[in-house]
Amino acid sequence: MSDHDHRDHNEPESGPALRVKAIESLLVEKGLVDPAALDAIVDHYENKVGPRIGARVVARAWIDPRFRRRLLADAVAAIAELGIPSGPEGEHLMVVENTPEVHNLIVCTLCSCYPWPVLGLPPTWYKSFAYRSRAVSDPRGVLREFGVELDPGVEIRVWDSSAELRYMVLPLRPAGTEKLSEGELAGLVTRDAMIGTAVVKYPPDTAARAAERD
Amino acid sequence: MSDHDHRDHNEPESGPALRVKAIESLLVEKGLVDPAALDAIVDHYENKVGPRIGARVVARAWIDPRFRRRLLADAVAAIAELGIPSGPEGEHLMVVENTPEVHNLIVCTLCSCYPWPVLGLPPTWYKSFAYRSRAVSDPRGVLREFGVELDPGVEIRVWDSSAELRYMVLPLRPAGTEKLSEGELAGLVTRDAMIGTAVVKYPPDTAARAAERD
Amino acid sequence: MNGIHDMGGMHGFGPIPREANEPVFHAGWERRMFAIALATFARRIFNVDEFRRAIEQIPPADYLRSSYYERWMRAFIALLQEKNIASAEEIESASRQALGGGAAGPLSAPRTTAATPPAAIGAARPRAHRRVPARFKPGDRVIARNLNSEHHTRLPRYARGRRGVIRRDWGVFILPDSHAHGGAIDLCHCYSVEFDSRELWGDEHPAGESVLLDLWEPYLESAAAKRGAASASGKRRTTKPAVGRRRLAKP
Amino acid sequence: MNGIHDMGGMHGFGPIPREANEPVFHAGWERRMFAIALATFARRIFNVDEFRRAIEQIPPADYLRSSYYERWMRAFIALLQEKNIASAEEIESASRQALGGGAAGPLSAPRTTAATPPAAIGAARPRAHRRVPARFKPGDRVIARNLNSEHHTRLPRYARGRRGVIRRDWGVFILPDSHAHGGAIDLCHCYSVEFDSRELWGDEHPAGESVLLDLWEPYLESAAAKRGAASASGKRRTTKPAVGRRRLAKP
């Protein structure tokens, strides 16, 4: 693999860009990091992990109640069954299940802990001061901002990732999806639904196409 | 009085300087402020009030026990006796007395409330985030930073000016000052001593000069 | 509002910056900004609680990188607009004119003048002389309520939920919480409340320190009543007091 | 440390910024910074708690105006110096060289290489399998201690002094508080603790919400024991636990 093939060579050399280049040079010179290893790390997080992995887990849990139970009891072991490796920020994964009575929301108020192996790296909004500050004290307001209006009777549980546990939400399976395949179900599952700032929808046009196909 | 004779005409027109000039022009145009009145306000706070007023009050309290009692009971009435007018941020003044057992410290954690009529406008350090944040939770550390090491047995009371009351500390009179005049005593009293971040000292050289004079 | 301004107990701001022989103002514009604000308070265009509220509404990153009088300026500009004294466009246009070497004086002749003795100018918020019954008296044990309103308040976070003792009843004052949002005049007793520093900062804090806060009555509940309520079951209150509405009314 | 990073419950940060079709990284240097940090964790030059502590030590104004990976960069540079990996001068000199169009690659040939599978790289802080007795069990009522140490901690301010219920014992983990300052390995149980949101945010907060925090045992005390201690008189504890030393040791 060539050096740094994932870098944007045409971007301006801003302050941080220069600093980071300097740090890398220094650490390589001191034999502490290997540029090829850095390339591999970038490639892994940019191209190999991401919310599609979590979506696969969710779809399987929707169609296989026994897998669902194993997932909720021991998420690391259950996702290993699917051939999904664990890794940093996922060694202690907990999947929390939405029900008609309980909605779960994930945050890290102190930094931005996030379940990398199943969702990839977090979006900017998850790391934003606005989300970190408000998710614990005003989750319904946050959800409204994301366009989610929960029934007032639904209880909200906010999981603030203050220690080693990383959380992923198992969203509610939308109605009308009984005939969808596992792959089609996974296609409905969004990153935000697995953080808890969205619910999974089965849009009428998708439903119509599915009905047509039958 | 000419327009703005207290302005530094040779300072560069920074962003705030331009903005404030614009605000003043607008408000004058709208008849809401009078530049001459602004000049008078500036003159008052820059030249007429300041810690020397508080020092006068302290010196009087040191030499006149009955005044001291009136000052501690009703500071606004007591300072009026000295011909010192009250004014904004001093309508509800409270003087708190240091004793060998109790040391008082004044802060405003939420903004920078301060007893303007007796101490003038606050120094930058009083308005700093460092002081505002630490005075309530680490007063001994703050005092050490100011070079004041209290006996561990001395109790500290921190007055956080969260409402309309404004506070001034009546410092301990230093030993050996029995023969000093009221004016000489006032000369020993520093602004910081009336905030509580200093104690009043009677330096040996001053004492020596006084002894010589006797 | 649990804002950046509520700094009591925070760490990380470094040493206290001290300046020898510090001048009263550090720049001409600071002098003018200070005087403009005071003169405007005297005109009752907005009240001091609204001014504090506007300072607290400065976005946190801007708050921290602004100097004291820069924060006054930002808040003042926001209030001029909020009170329909001047539009953003007017301020922009006046700034351009000032940049173009425009006079420091008025753009045109002033319509009125308002000379007021400086010492009489200010927030003008006297102690109210209306008789209002006091719920607490010196010696009473109280708990500062755990209020987390998005509104302006003068109850700092570090005291919330903490137990203190009423030391003095200062009399009746305007409650800032509602006064800062629309100018309502709610008159309440304000008390000097002493909190042991170990109650505020934990059992490991050294003994022999206390913090005294001046707190309006609606910020406080009786420690005795609280104990009773806690031993009773579940839901506690159905009526809302004057402070602590959590959500800001949309303008 | 009661730092700016401890944001739970703060107001004033505005709407949540959302970006459609957001890329994983927004600039080449973010990719490299991320990868360098992960590779460095794998080399155990410093641990993740030290890294978090270094991020929290960024001055608050800089913290707020920096982007996420800028904070990583600042903390990383601070740790390189703290751990004597590179001096400020070396970093300056390398930056000047980079500015002069210097190669993105090494300044000279690397002395070693350390290829590690990416998925295995990270904070590497597994659950400890040593048996440590657990003080609490699911269902126990606890109070999060009111600790206000200047050290790193993972007990957020908004939970301090609040009552919760142990929901689950996660097992034994390294306590971050001491690990972040010198790397001491203190092994403690870590629990999932549920707090009713009305306990956290006050009686006026809507019902039907809770927050679950993962808290190490030294952050907690038994609600029953606390009640006993409170009804006993005055001074409470003479021995100091492993967390919460208020003052940072001078280096």
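Structure notes:
- Residues being among the basic types (Lys, Arg) and under 13 Å from C:ARG74 (Cα atoms) - total across the range C:1-60: 2
- For the range C:73-89, the condition holds for no residue, the condition being that it is outside the structural domain of C:ILE36 (by TED's automatic domain parsing), among the polar types (S, T, N, Q) and at pLDDT 95 or above.
- Single unsatisfied condition, D:ILE45 versus (1) at pLDDT below 95; (2) within 27 Å of C:GLY12 (Cα to Cα); (3) facing chain A (nearest Cβ under 8 Å); (4) part of a helix (DSSP H, G or I): (4)
- Of all positions in the range A:70-79, none carries a residue that is exposed (fewer than 14 other Cβ atoms within 10 Å of the Cβ), within 12 Å of chain D (Cβ to nearest Cβ) and at pLDDT below 95.
- For B:LEU150: the one exception among (1) touching a helix residue (DSSP H, G or I) at 6+ places or on another chain (Cβ under 7 Å); (2) surrounded by 18 or more Cβ atoms within 10 Å (Cβ to Cβ): (2)
- In the range D:154-167, residue surrounded by the fewest Cβ atoms within 10 Å (Cβ to Cβ) [restricted to those that are more than 9 Å from every other protein chain (Cβ to nearest Cβ) and in contact with a Gly (Cβ under 9 Å, 6 or more places away or on another chain)]: D:ARG167
- Taken over the range B:100-143, the residue count meeting the criterion of being part of a loop (DSSP other than H, G, I, E, B), in contact with a strand residue (DSSP E or B) (Cβ under 9 Å, 6 or more places away or on another chain) and of a type in the set (D, E, K, R) is 1.
One line per residue, one yes/no per condition, for (1) more than 18 Å from D:SER197 (Cβ to Cβ); (2) within 13 Å of the chain's Cα centre (by Cα):
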position	(1), (2)
A:ILE106	no, yes
A:LEU119	yes, yes
A:ALA163	yes, no
A:GLU178	yes, no
A:GLY183	yes, no
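- Scope the range C:8-34; condition part of a helix (DSSP H, G or I) and over 25 Å from B:ILE106 (Cα atoms); matching residues: C:GLY28, C:TRP29, C:ARG32, C:MET33
- Unique match (being exposed (fewer than 14 other Cβ atoms within 10 Å of the Cβ) and outside any loop (DSSP other than H, G, I, E, B)) among B:ARG209, B:ARG157: B:ARG209
- Of residues in the range B:188-206 being farther than 24 Å from B:PRO117 by Cβ and either free of Cβ contacts under 8 Å to residues at least 24 places away in the same chain or hydrophobic (A, V, I, L, M, F, W, C) (or both), the one surrounded by the fewest Cβ atoms within 10 Å (Cβ to Cβ): B:ASP205
- Restricting the first member to the range A:176-187 and to residues that are under 17 Å from A:GLY54 (Cβ atoms), and the second to residues that are at pLDDT 95 or above and outside any helix (DSSP H, G or I), the beta-carbon pairs closer than 7 Å and six or more apart or on different chains are A:LEU185/A:THR177.
- Screening C:GLU30, C:GLU70, C:GLU50, C:GLU56 for residues that are more than 7 Å from chain B (Cβ to nearest Cβ), crowded, with 19+ Cβ neighbours inside 10 Å, under 16 Å from B:LEU18 (Cα atoms) and among the acidic types (Asp, Glu) leaves exactly one candidate, C:GLU30.
The values are calculated or read from the model by the stated rules, or taken from the named source; none is laboratory data. Everything numeric in this text was worked out from a predicted model, so none of it was measured. In this analysis, Cβ positions are derived from the backbone assuming ideal geometry, glycine residues included, and neighbour counts consider all displayed protein chains.
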